[in-house]
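The values are calculated or read from the model by the stated rules, or taken from the named source; none is laboratory data. Quantities reported herein were computed from a predicted structural model and do not represent experimental measurements. Here the Cβ is made from the backbone with ideal geometry for all residues, glycine too, and neighbour counts use every protein chain on show. SASA here: full protein model, heavy atoms, side chains in, ligands and nucleic acids out. Shrake-Rupley method; radii C 1.70, N 1.55, O 1.52, S 1.80 Å.
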Amino acid sequence: MSAFLSSLGLAEIVAGVMIVALDAYVLTGGADFGGGVWDLLARGPRRDAQRALISRAIGPIWEANHVWLIVVVVVLFTGFPATFAALGTVLHVPLVLMLVGIVLRGSAFVFRSYGSREDAAQRRWGRVFAIASTATPFLLGTVVGTIASGNAGRALRRVAAVGGLAPFAEVYLTPWLAPFPLVVGAMALALFAFLAAVYLALAAEDAALRDDFRRRALGSAVAVFLAAGGALAIAARHAPHVVARLLGTPLAIVLQLAIAASAVTAIVALWTRRWRLARMAAAAQVSLILWGWVVVQYPWTIPGAQTIRGAAAPTVTLELLLWGLAGGTVILVPSLLFLYRTFATARVEPAAVSAREEG
């Protein structure tokens with residue numbers, strides 16, 4: 001571990017900042033996408049109440065959460081321009097579809113919240129919101145799986161070898177429509193749904209509604225386990241280096257044990273209705289899985305094609321980027337904390353007033 005830390009340079013620090021921003025996006029924006037999944041799957045006598053809770057939980061901050069994705073894109077473009085260009089080339093199809101999903105999801109949410117109150121319009125925009133919320137995290141997962149599996153690197157080498165003569169499907173479709181990327185996409189969707197259900201169980205004020213999302217959280221925890229097992233089994237055949245990196249080093253073993261511990265803690269906390277502990281454990285589990293991807297890839301940005309240092313921008317660019325990020329953090333983080341606290345307070349106060357009135 002000490003040798004690893006001593007080997008870190010500017011490029012690794014910038015890459016680490018990018019992963020931290022991606023982690024923040026997963027824990028905030030990812031939960032918003034998961035809320036859309038449960039909006040699509042809302043059922044039972046409390047269906048409307050479930051959707052109302054999802055809308056109330058997402059509404060105040062869903063747009064602000066995308067700032068973390070913007071940070072990831074800016075850091076990648078500025079700090080690792082070669083990787084930005086390569087991924088934008090070989091993965092342009094899923095990336096464009098993902099961006100379309102983000103736009104459709106946000107637009108549909110606004111139109112449903114502030115547009116016509118007619119049932120037909122509400123159903124139409126609700127359907128668009130829910131489907132886009134489901135497709136987008138799946139596509140994000142397929143992109144991650146394509147990179148981690150080495151498929152993106154192979155497609156990039158194919159483009160370099162034959163240029164524009166490469167068959168479109170071979171370079172731009174087959175790499176991310178392969179078994180491993182698709183199962184990672186399913187795992188990402190299950191993780192976001194799990195995270196959202198845990199958050200919503202804590203946010204619910206009605207005991208029956210809270211139990212609705214508790215059951216959904218436990219069910220999605222099983223889905224995460226099955227998807228993770230499927231990903232490991234498929235990786236053993238199609239991407240053996242992923243299995244070797246996930247299970248073959250002391251650091252990887254420690255990481256897997258931490259993931260297992262956080263998963264068990266989250267499930268036990270849900271089972272015993274300890275909502276805040278469940279939220280912390282679920283967030284830790286999702287974050288650790290993301291950092292497991294980092295363990296698989298290090299020191300590559302695109303395995304088999306580009307390394308972190310090989311793809312990094314000049315030193316002066318990295319230094320200026322880090323200074324800019326430091327200055328932006330001083331403004332961004334307090335602003336977001338103030339935003340979250342303001343709207344969290346606004347949601348809690350009406351419930352407190354109502355409880356006093358009933359008393």
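Figures for the structure shown
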quantity	calculated
Residue that is modelled with the lowest pLDDT [pool: residues in region 155-201 that are small (G, A, S) and surrounded by fewer than 17 Cβ atoms within 10 Å (Cβ to Cβ)]	G164
Test: residue in region 238-250 that is under 21 Å from V286 (Cβ atoms), without any contact (Cβ under 8 Å) to a residue 24 or more places away in the chain and open to solvent by 40 Å² or more (accessible area, probe 1.4 Å)	yes
Single match in V74, V103 (criterion: out of contact with any Pro (no Cβ under 6 Å at 6 or more places or on another chain), without any contact (Cβ under 8 Å) to a residue 60 or more places away in the chain, within 30 Å of G304 (Cβ to Cβ) and among the β-branched types (V, I, T))	V74
Positions within region 264-276 being surrounded by fewer than 16 Cβ atoms within 10 Å (Cβ to Cβ) and either of a type in the set (V, I, T) or in a helix (DSSP H, G or I) (or both), in sequence order	V264, V268, W271, T272, R276
Answer residue from region 301-328, given it is assigned to a strand (DSSP E or B) and in contact (Cβ under 8 Å) with a residue 12 or more places away in the chain and is nearest to A258 (Cα to Cα) among those	T301
Test set (1) surrounded by 13 or more Cβ atoms within 10 Å (Cβ to Cβ); (2) modelled with pLDDT of 90 or more - H92 fails condition number	(1)
Criterion (at pLDDT 90 or above and touching a Ser or Thr at 6+ places or on another chain (Cβ under 9 Å)) met by exactly one of A152, A135	A152
Residue within region 256-263 that is of a type in the set (V, I, T), outside any helix (DSSP H, G or I) and open to solvent by less than 30 Å² (accessible area, probe 1.4 Å) present	no
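For every residue, the table says whether it meets (1) aliphatic (A, V, I, L, M); (2) touching a strand residue (DSSP E or B) at 6+ places or on another chain (Cβ under 9 Å); (3) in contact (Cβ under 8 Å) with a residue 40 or more places away in the chain; (4) more than 30 Å from V14 (Cβ to Cβ).
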{"position": "A52", "(1), (2), (3), (4)": "yes, no, no, yes"}
{"position": "L91", "(1), (2), (3), (4)": "yes, no, yes, no"}
{"position": "P94", "(1), (2), (3), (4)": "no, no, yes, no"}
{"position": "L97", "(1), (2), (3), (4)": "yes, no, yes, no"}
{"position": "V110", "(1), (2), (3), (4)": "yes, no, no, yes"}
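Rundown of residues vs (1) open to solvent by less than 50 Å² (accessible area, probe 1.4 Å); (2) modelled with pLDDT of 95 or more, yes/no style:
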position: V37; (1), (2): yes, no
position: A49; (1), (2): yes, no
position: A64; (1), (2): yes, no
position: L69; (1), (2): yes, no
position: F80; (1), (2): yes, yes
position: V110; (1), (2): no, no
